[in-house]
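Let me begin by presenting the structure, written as C-alpha cells, before commenting on it.
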Amino acid sequence: MRNYSKYIFCLFVITVVTITAYGQVLPDVQNSFNNYNTNALTEKLFVHTDKEAYTAAELIWFKIYNVDGIDHNPIDLSKVAYVEVLDANKNVILQAKIAMKNGSGSGSLYIPVTISSGNFVLRAYTSWMKNFSPDYYFSKKLTIINPQKSPEPSKAVADDYDIQFFPEGGNLVNGITSVVGFKATNQWGLGVNFKGAILDAKNDTVVKFSPLKFGMGHFTIKPDINAGYRAVINIGGKTIQKQLPGINNSGYTINLTDNGGGQLRATVNSGSQSGTVYLFVHTRGAIKLVANAVLNNGAASFDIDAAKFGDGISHITIFNDAKQPVCERLYFKRPAANLLIDAATDGQVYHTRKKVTVDIAAKDQSNNQLEANLSLSVYRLDSLQGIGHQDIRNYLWLSSDLRGNIESPDYYFKNTGKEVDEAIDNLMLTQGWSRFAWNNVLSNKAPEFKFLPEYNGPIVNAMLVNLANNQPASDILAYLCVPGKRLQFYASRSDSTGKLIFNMKNFFGPGEIVAETNTEVDTNYRIDILNPFSEQFTNTNPGPFAVTTAMQNDMENHNLGTQIQNIYSVNKLRRFYDPNVDSSAFYGTPYKKYILDNYTRFTTIEEIMREYVSEVNITKPKGKFNIKVLNEIGMYEADPIVFIDGVPFFNTNKVFAADPLKLYKLEVVPFTYYVGPSVAGGVFSFTSYKGDMGGNEIDPRAVVLDYDGLELQREFYSPAYDSDAAYRSHLPDFRNVLYWAPYVNTATTGKNSISFYTSDQTGHYIGVIQGITTNGVAGSQNFMFDVVK
C-alpha cells in the first residue's frame, strides 16, 4: 500500500512538472510543429447569404468574412475571394471574384432563367486556400426553383447507406478495451436511425448499438483478434453487414473521459509494452499542453484541466518512445466568448409599405459594448424559405475545422446538457484528423505552396510554352495589359517551370486582356492563361430536391414577385457602386501630355514624334523605325514601350503606320521606367478617339481573352414609402427580401439603427444578423415580425 502511494505521488509530481513546463517535453516535436504552422498560415471564410432559397432571375446577395484560421481575428491577407455555385454534379453554374478589404467583402450573383430547379452548393475560397484541401473551403446548400422550366426528370435512386466505424485513437488492439464511434448516413450525407449488433464468428452477440443523434453513437468492445467480428445493421428495412476495422496484435489506444468539474482523463494503453508516452495537445495550430508519463503495466493516465484547451476543436496526440504519433483524438470545448447581439424592432406587427426601425447593440457577456462588423438580411418565411442551421459562430468554431458536412451544427450551440455533450463527443469520434498530417510536420520540410495569396489584388497565372518542343519555357519576359482608357500594364518573367505571375490591382468588371511576349525578340512562344478558380472538389452532395403540394403556392408567389421586380424595378436592380479606383495609367502622371487637336495635325506618326516630342531620337535603319529617349548624357540603352489604347506595340513600324487623325492624345514619360522585371527606356502612350488603335490590329501571336475582373458591387434596391405619393403608388412591390445590408457596423458605442419599409407581401418575416469583432468574437441573432394588410 505504501509503495502504491509513492507511485501515485511520483506520477502526480511528474504530471504537474510536465504540464507547467512543457517546453522541456518533446522539444524537437514542438519546434517542428511551430515551424510548420508558422509557414502554413490558414484563412477561413464565412459567407452570409440573404436567404437560402431562390427563384430563377433573382439575385443571391452575400457578405464574406475572412479570418485567421488560428485565432479567428479578421485578416487582411487576401484581397480576392472566389464564390461559386455548383450543381449536384459539381458543374459550375455561377462564378464571381469578390474584392476583399480589411477581412470582408460583399457581392451578388444573378441566377439565370435557364437554370433547372434543384439543390446547389455555394462555396467560397481564396487563392491561398487552394493550397489546402477543398474540404476547408466554405460551403452551404442553396435551393433554386425555376417554375418556368420543367424540372429535370428525377432518376429513381435506391436507398444507399454508408456505415463507418472509428476506433477511438485510430486503432483496435487485441485484448485492449476500446471505444468505437460509428456513423450511418444516407446517400445525401444525412444521419439515419438504425439498430445494430456486433456478432462474433459463432454468431454470438457481443454488443448492441444504435445512434444517439444524427446517425452517430459509440459502443465499447474488448477486441479479440480471432473473434471474426462483423456488424449486422437493420436500417430502412434493409439488413447490412459490415466488417469492423482490423484488429492489431500490438499498438496503442487512447480513451478520453470527462471526470466532471472541468477535469478530463486521457488513458493510454499499450498492452505489455513499457517506456514513456507523450501527450501533445494543440488547438488550431497553437500548442496548449505537452506532458509525459511512464507506462506501468502497459498503461498511463493524464489528468488534464479542460481549461488548458483552447476554444473549439483540439487535437490530442499520443507519441511513443520513438517520438512517433501513435494515437489521435479530437476534443471540443464550447467557446467562452460570444458576441451578443440585441436587435429590437419598434413593433411586432406592421402594415404593408410601412417603416420598420431596428435598433442593434453588440456587447459581451459582461454587458460591455463592442465594435462589430455585421451584416443583416430581412426576408419572408414560408414553405420554401426557413431558418438556416448554420451561422458564423458555429461555422468558425466547429464546421470549418472538420471535413465533410456537419448536420445541424446549431444543435451543439443552442442546446446544453448531458445528451448534447455526448452527441458532440460522438461527432469528434467520427471525424478524423484535419488540416495537416504529422509526417509532413515531423519531416521539417517547409510546406510547398503552389498558389500565392492575392495580397494586392487579382493574380493572373499563365504558362509560357516553347512552340518548338511544346515544353515550358523559362526566363522569358511576357506582358499582360487591359485595353481601355485606363492603361493597365504588367510584366512577368517565366520561372523554371514556365509559370508566369501577373500581379494585377483594381481590375474590376468584365473586360479583355492581352498577353504576349516581345515578338521582336521572342517569337516562338505561346501563353496559356490558367483558370483562377479552384479545380478541386469535395464529395459533398446537396441532396435531393422535391416539390410538395404545400410548396406550390409559395413557388408561384416567389416567381410572380421576381417577375414583377424585374419588370418594374429593372433599372434600380442594375445600379452599381463606383469602385473608386485610381483612373490614372500604370505610370501615374505623365511628364508631358499632348492633346493632338491643340497642335498642328500631321499626317504621319513620325512627324508627330519628331515635331512635338523633343526628348526622342528617331532613326530608320534597314527600313525599321527605332525610337530612343534622350537624356543628359546621350540616350537610354533600353527601348521605350509604345502603347496605343493600352496595348503595347513592340513592332514600331506598326505604330508609325497608325492614322494620326484617329488619335486623341499622346502621353510621354521620357525616363527609364521599371514594370516588374521589365525595364523600359521611356513610355509613349497614344489614345484614340474610338478605341480602334488608330486602325492597327493586335499582333496575331498575342493571346486576346475575355476575362472577368473583380465583381462590381451592386446596390440593393429598397424603396422608401416616406411620402403619401410613394405610399399610394400603383407600382406593385412583391419583394420577399425586404432589406439586405452587408455593412451594418456598430461603432465604439456598440450601437446602430437601421430602417427599411415593408412590401406588399404579407406574412411572417425574420431578420438575421451575423458578425464578428476585431478580436475574433463572433455571434448571430434573429428577430421576427409580421406584416398584415
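Applying the criterion of at least 2 residues that are open to solvent by less than 20 Å² (accessible area, probe 1.4 Å) and of a type in the set (A, V, I, L, M) to the strands (runs of 3 or more DSSP E) found wholly in the stretch 91-208 leaves 92-99, 118-125, 138-145, 178-186, 195-199. Note on the stretch 204-238: among residues that are more than 25 Å from Tyr411 (Cα to Cα) and of a type in the set (Ser, Thr, Tyr), the one that is nearest to the chain's Cα centre (by Cα) is Thr220. The set of residues in the stretch 534-554 being at pLDDT 85 or above and either at positive phi or among the hydrophobic types (A, V, I, L, M, F, W, C) (or both) consists of Phe537 alone.
Among the residues of the stretch 680-705, those identified as in a strand (DSSP E or B) and within 15 Å of Asp659 (Cα to Cα) are Ser685, Phe686, Thr687, Ser688. Scanning the stretch 587-601 for residues being in contact (Cβ under 8 Å) with a residue 12 or more places away in the chain and open to solvent by less than 50 Å² (accessible area, probe 1.4 Å) gives a total of 5. Every listed requirement among (1) farther than 24 Å from Leu398 by Cβ; (2) at pLDDT below 95; (3) open to solvent by 10 Å² or more (accessible area, probe 1.4 Å) is met by Lys79 save one, (2). Exactly one residue out of Asn524, Asn531 is farther than 25 Å from Tyr689 by Cβ, under 27 Å from the mean Cα position of the chain (by Cα) and not aliphatic (A, V, I, L, M): that is Asn531.
Specify which of the listed residues (Ile93, Ile75, Ile60, Ile111) is out of contact with any Gly (no Cβ under 8 Å at 6 or more places or on another chain), of a type in the set (Val, Ile, Thr) and free of Cβ contacts under 8 Å to residues at least 40 places away in the same chain. Selected residue: Ile93, the only one of Ile93, Ile75, Ile60, Ile111 that is out of contact with any Gly (no Cβ under 8 Å at 6 or more places or on another chain), of a type in the set (Val, Ile, Thr) and free of Cβ contacts under 8 Å to residues at least 40 places away in the same chain. Within the stretch 762-789, being small (Gly, Ala, Ser), out of contact with any His (no Cβ under 9 Å at 6 or more places or on another chain) and open to solvent by less than 10 Å² (accessible area, probe 1.4 Å) holds for Gly767, Gly779.
The set of residues in the stretch 614-653 that are open to solvent by 40 Å² or more (accessible area, probe 1.4 Å), farther than 21 Å from Tyr587 by Cβ and not polar (S, T, N, Q) comprises Lys620, Pro621, Lys622, Gly623, Lys624, Ile633. Selection within the stretch 615-656: residues that are polar (S, T, N, Q) and touching a Lys or Arg at 6+ places or on another chain (Cβ under 9 Å). The member of this set that is nearest to Leu705 (Cα to Cα) is Asn651.
Applying the set (1) surrounded by fewer than 16 Cβ atoms within 10 Å (Cβ to Cβ); (2) in a loop (DSSP other than H, G, I, E, B); (3) touching a residue at least 60 places away in the same chain (Cβ under 8 Å) to Ala336 leaves exactly one unmet item: (3). Evaluation of Asn73 against the conditions (1) at pLDDT below 95; (2) under 35 Å from the mean Cα position of the chain (by Cα) shows that the sole unmet condition is (1). Pairs linking a residue in the stretch 638-665 that is closer than 19 Å to Thr603 by Cβ to a residue that is at pLDDT 95 or above and of a type in the set (S, T, N, Q), with Cβ atoms under 7 Å and 6 or more positions apart or on different chains, do not occur. Among the candidates Ser759, Ser729, Ser723, Ser678, the residue that is open to solvent by less than 30 Å² (accessible area, probe 1.4 Å) and either in contact with a Cys (Cβ under 9 Å, 6 or more places away or on another chain) or more than 21 Å from Val378 (Cα to Cα) (or both) is uniquely Ser678. Across the stretch 249-261, the number of residues qualifying as polar (S, T, N, Q) and surrounded by fewer than 18 Cβ atoms within 10 Å (Cβ to Cβ) comes to 4.
The residues in the stretch 462-486 that are under 22 Å from Ser127 (Cα atoms) and either in a loop (DSSP other than H, G, I, E, B) or open to solvent by 30 Å² or more (accessible area, probe 1.4 Å) (or both) can be counted, and the count is 1. Looking only at residues of the stretch 412-461 that are among the polar types (S, T, N, Q) and assigned to a helix (DSSP H, G or I), we find that the one that is most open to solvent (accessible area, probe 1.4 Å) is Asn439. Which condition number in (1) in a loop (DSSP other than H, G, I, E, B); (2) touching a Ser or Thr at 6+ places or on another chain (Cβ under 6 Å); (3) over 30 Å from Asn557 (Cβ atoms) is the one that Asp760 fails? Status for Asp760: all satisfied but (3). Residues that are closer than 21 Å to Met784 by Cα, touching a Phe, Trp or Tyr at 6+ places or on another chain (Cβ under 7 Å) and not in a loop (DSSP other than H, G, I, E, B) within the stretch 714-749 comprise Val737, Leu738, Tyr739, Trp740, listed in sequence order. Looking across Ala747, Ala702, one residue alone is under 29 Å from the mean Cα position of the chain (by Cα), aliphatic (A, V, I, L, M) and at pLDDT below 95. It is Ala747. Contact map, the stretch 407-431: residues that are without any contact (Cβ under 8 Å) to a residue 40 or more places away in the chain and under 22 Å from Lys141 (Cα atoms) paired with residues that are among the charged types (D, E, K, R) and open to solvent by less than 60 Å² (accessible area, probe 1.4 Å), Cβ distance under 7 Å, separation 6+ or inter-chain. Pairs shown: Asp410/Asp391. Just so you know, in the stretch 313-328 the residues that are open to solvent by 10 Å² or more (accessible area, probe 1.4 Å) and not small (Gly, Ala, Ser) include one that is farthest from Ser755 (Cα to Cα), and it is Asp321.
In the stretch 522-636, counting only strands (runs of 3 or more DSSP E) that sit wholly within it, the ones holding 1 or more residues that are closer than 30 Å to Gln713 by Cα span 525-529.
The values are calculated or read from the model by the stated rules, or taken from the named source; none is laboratory data. Just so you know, these numbers come straight off a predicted model, no measurement behind them. Cβ coordinates were reconstructed from backbone atoms using ideal geometry, including for glycine residues, and neighbour counts include every protein chain displayed. Only protein heavy atoms, including side chains, enter the accessible area calculation; ligands, DNA and RNA are left aside. Shrake-Rupley method; radii C 1.70, N 1.55, O 1.52, S 1.80 Å.
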